[in-house]
There are 6 protein chains.
Amino acid sequence: MEEERYKRGWEKLKQIDGEAGEKVIDSLKDIAPDLGKYTIEFPFGDVYSRPGLDLKSREIATVAALTALGHALPQLKVHINGALNVGCTREEIIEIIIQMAVYAGFPAALNAMSIAKEVFEARDRNRLKE
Amino acid sequence: MEEERYKRGWEKLKQIDGEAGEKVIDSLKDIAPDLGKYTIEFPFGDVYSRPGLDLKSREIATVAALTALGHALPQLKVHINGALNVGCTREEIIEIIIQMAVYAGFPAALNAMSIAKEVFEARDRNRLKE
Amino acid sequence: MEEERYKRGWEKLKQIDGEAGEKVIDSLKDIAPDLGKYTIEFPFGDVYSRPGLDLKSREIATVAALTALGHALPQLKVHINGALNVGCTREEIIEIIIQMAVYAGFPAALNAMSIAKEVFEARDRNRLKE
Amino acid sequence: MEEERYKRGWEKLKQIDGEAGEKVIDSLKDIAPDLGKYTIEFPFGDVYSRPGLDLKSREIATVAALTALGHALPQLKVHINGALNVGCTREEIIEIIIQMAVYAGFPAALNAMSIAKEVFEARDRNRLKE
Amino acid sequence: MEEERYKRGWEKLKQIDGEAGEKVIDSLKDIAPDLGKYTIEFPFGDVYSRPGLDLKSREIATVAALTALGHALPQLKVHINGALNVGCTREEIIEIIIQMAVYAGFPAALNAMSIAKEVFEARDRNRLKE
Amino acid sequence: MEEERYKRGWEKLKQIDGEAGEKVIDSLKDIAPDLGKYTIEFPFGDVYSRPGLDLKSREIATVAALTALGHALPQLKVHINGALNVGCTREEIIEIIIQMAVYAGFPAALNAMSIAKEVFEARDRNRLKE
């Protein structure tokens, strides 16, 4: 049932993206709540919930793709956090991004590395506050 | 030393891509052997040889990126084989490609799935011959 | 309910893409039937079934996007047929593609125009057979 | 004659893009006035002035393409305004962008939706001032 | 006057692209002759005819861009011929393509190199016939 | 030897990109110094140091590609400076960008022209300080 997909998706989004993901959905509520609903239902309710590939590998794939695409830096920011949340190390994330210099060119990799730097610095500042 | 990077790269390329990778280098020998040399040295000698991320995860990242890029289907063909060679299952490869429908759109995922279909069918035919 | 989305999507896909769309789903049944299921459910069951934009305008948007993307020519072939099926004229399709020269460059437009030529010629051959 | 194309283009640009379009041309006058001239002559004097597709449909195509491209958010901002100016409703624009999640992926659609949000909020602030 | 732009463009297209360019325009005459007209007038009549950059440098830029784009291999084929026609050597063309591995990734460069190989082999076959 | 590639690359990077290039490498030292090392070794130590194409032509190719890619504006900023440093005139850079409207569309060209405008204005301000 629809509500099951939505519920499963919302749980999966919180598990992976945490607050950053909730912020994305929230930013849509005034302009296009249905896009937020689809974002929860299809990527998270359907795809990320599938058993055939573990969550850590899924985030590796997503960080790689968002780096290669070039135009998806806001989403890359969310998913670098997501990758760390599901068990990727910072070193592994840096390795994925370096590898994308081969497939998508150095500009895509360099711009993604700037995002990784922002994410790590923000997480360090948050850690200091605790 | 240069020869070390080349040697290490050539070994890594054979380990991952096997014959398909050797064919790519070979196709360059008349027109641009240096591009073949760089392909061996940088992606394989430098990047894939790095310890920070395991080979299976590296191929997951590459299959994801090549699917998302849209214009890299010949290379995707080589690397779907590569992913299988280093321990990804067919199911895992299919999962990566389905996931790319979220990030790069359904066209990119559908075109990548056609390539996966070709690769699996070719491997099945080869298996029958043994 | 899930079956409702699927049923609604299948009806919408037949309405827009006709046989060409059914062929796409069919080509997936051996390798990744779930990607076929998602293609029916999300694009067609969810998005194309939404009331806020008429089908003809939706196909105008899709033909434009698939032209601009550059890597989606197989899908463009399906949707040029789809656009004609829902009321776009050949002239209107040609106008969209010409307009894409402005936003995505002449290569994208020229390659899309080759696809349009193929589609129109195939439809003319089919018409002659009747 | 050249001046006719330029004159026709300038009128069409003002009709569709209004002030936003004039600002683009103006920003070019010190660095590359000829690019401004070509922008007026070819997209607007030639393409948008063609009779075979109505202006509203043209803007639907453009909003779709600029969303799908991913790197054209400044131009998308101009054309979301343009689409509203020639008779698209806000709902229709939101529908186009949601639909692009299917063809170009969720990142492209989400980033475009942020732009639509900015445009609508700016237009609301302007309306309040009157 | 319009006819001047067209005439100037047609002369420039023949000068650079020769037969390959004429074939492109010819392939459009049944489906979208206006796209052929615009292709002659804007790229060739306006841009390539500008004095600020020499023809050889223009073709270097075009070969680089068409390699980087990834989806423009048919046009790359035309312009590798064009680059040779206006004074680029085969070596220079190979250098541009190798360089694109840095900015657009190895897949884009490898696919472009396959096109260069086809072009050079075709030109060698033609030379033997004389 | 490795150190030779690095040393040659560092000299080439300073020759072309000057301070802007050094800043890029420096920004990587805390997060991914190896990406900085590869950026020096492969693009500059290997590719830009090759004899088959002169530096000015190489920068023409790079400015064209970075404009066409759409997602590489930070790198375009570095290389517009680089192109000026190795002998391109401002006029020639503007010509390349205008030409990219043909191959990558007007959005890519317009966004690149904004970057060129920033670069030229910054260089003018620096000149005034001397």
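Going by what's in this entry, would A:Val86 be described as within 21 Å of A:Ile25 (Cα to Cα), more than 14 Å from chain D (Cβ to nearest Cβ) and within 15 Å of the chain's Cα centre (by Cα)? Taking the combined requirement at face value, the residue satisfies it. Reported count of residues in region F:89-112, each being among the hydroxyl-bearing types (Ser, Thr, Tyr) and over 16 Å from the mean Cα position of the chain (by Cα), is 1. Of all the criteria given as (1) farther than 26 Å from F:Tyr38 by Cα; (2) more than 13 Å from chain D (Cβ to nearest Cβ); (3) of a type in the set (A, V, I, L, M, F, W, C), the one not satisfied by A:Ala61 is (1). Go through region E:23-51 and give me each residue that's of a type in the set (Ser, Thr, Tyr) and either more than 13 Å from the chain's Cα centre (by Cα) or within 7 Å of another protein chain (Cβ to nearest Cβ) (or both). Passing the criteria: E:Ser27, E:Tyr38, E:Thr39, E:Ser49.
Can you tell me which residue within region B:65-74, out of those that are in contact (Cβ under 8 Å) with a residue 40 or more places away in the chain and at the interface with another protein chain (Cβ under 7 Å from one of its Cβ atoms), is surrounded by the fewest Cβ atoms within 10 Å (Cβ to Cβ)? Don't jump to the end; show me each part of the working.
Applying the first criterion (in contact (Cβ under 8 Å) with a residue 40 or more places away in the chain) to region B:65-74 yields B:66-68, B:70, B:73.
Still in the running and at the interface with another protein chain (Cβ under 7 Å from one of its Cβ atoms): B:66, B:68, B:70.
Working: B:Leu66: 32, B:Ala68: 30, B:Gly70: 23.
My answer is B:Gly70.
Across region E:1-42, what is the total count of residues that are among the aliphatic types (A, V, I, L, M) and touching a residue at least 60 places away in the same chain (Cβ under 8 Å)?
Of all residues in region E:1-42, those among the aliphatic types (A, V, I, L, M) come to E:1, E:13, E:16, E:20, E:24-25, E:28, E:31-32, E:35, E:40.
With touching a residue at least 60 places away in the same chain (Cβ under 8 Å) added as a condition, the list becomes E:16, E:20.
Within region E:1-42, residues that are among the aliphatic types (A, V, I, L, M) and touching a residue at least 60 places away in the same chain (Cβ under 8 Å) number 2.
In this structure, does A:Gly45 turn out to be on the phi > 0 side of the Ramachandran plot and either touching a residue at least 24 places away in the same chain (Cβ under 8 Å) or not charged (D, E, K, R) (or both)?
No, not satisfied.
Of all the numbered requirements in (1) within 14 Å of chain E (Cβ to nearest Cβ); (2) more than 18 Å from C:Val119 (Cβ to Cβ), C:Asp54 misses one, and that requirement is (1).
When you scan region D:65-79, how many residues do you find that are over 13 Å from C:Ala65 (Cβ atoms) and out of contact with any Phe, Trp or Tyr (no Cβ under 8 Å at 6 or more places or on another chain)?
Within region D:65-79, the first condition is being over 13 Å from C:Ala65 (Cβ atoms), and the residues that meet it are D:71, D:73-75, D:77-79.
With out of contact with any Phe, Trp or Tyr (no Cβ under 8 Å at 6 or more places or on another chain) added as a condition, the list becomes D:71, D:73-74, D:77-79.
Of the residues in that region, 6 qualify.
Each row is one residue, and each column tells you yes or no for (1) closer than 30 Å to A:Pro107 by Cβ; (2) out of contact with any His (no Cβ under 8 Å at 6 or more places or on another chain); (3) surrounded by fewer than 18 Cβ atoms within 10 Å (Cβ to Cβ).
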{"site": "D:Gly52", "(1), (2), (3)": "no, yes, yes"}
{"site": "D:Arg58", "(1), (2), (3)": "no, yes, no"}
{"site": "D:Val63", "(1), (2), (3)": "yes, no, no"}
{"site": "D:Leu76", "(1), (2), (3)": "yes, yes, no"}
{"site": "D:Gly87", "(1), (2), (3)": "no, yes, yes"}
{"site": "D:Ile94", "(1), (2), (3)": "no, yes, no"}
{"site": "D:Val102", "(1), (2), (3)": "yes, yes, no"}
{"site": "D:Glu121", "(1), (2), (3)": "no, yes, yes"}
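Read-outs: derived from the displayed coordinates by stated rules, not from any lab. Treat the numbers as computed from the prediction; the structure is a model and nothing was measured. Positions of Cβ are generated from backbone atoms using ideal geometry, with glycine treated the same way; all protein chains shown enter the neighbour counts.
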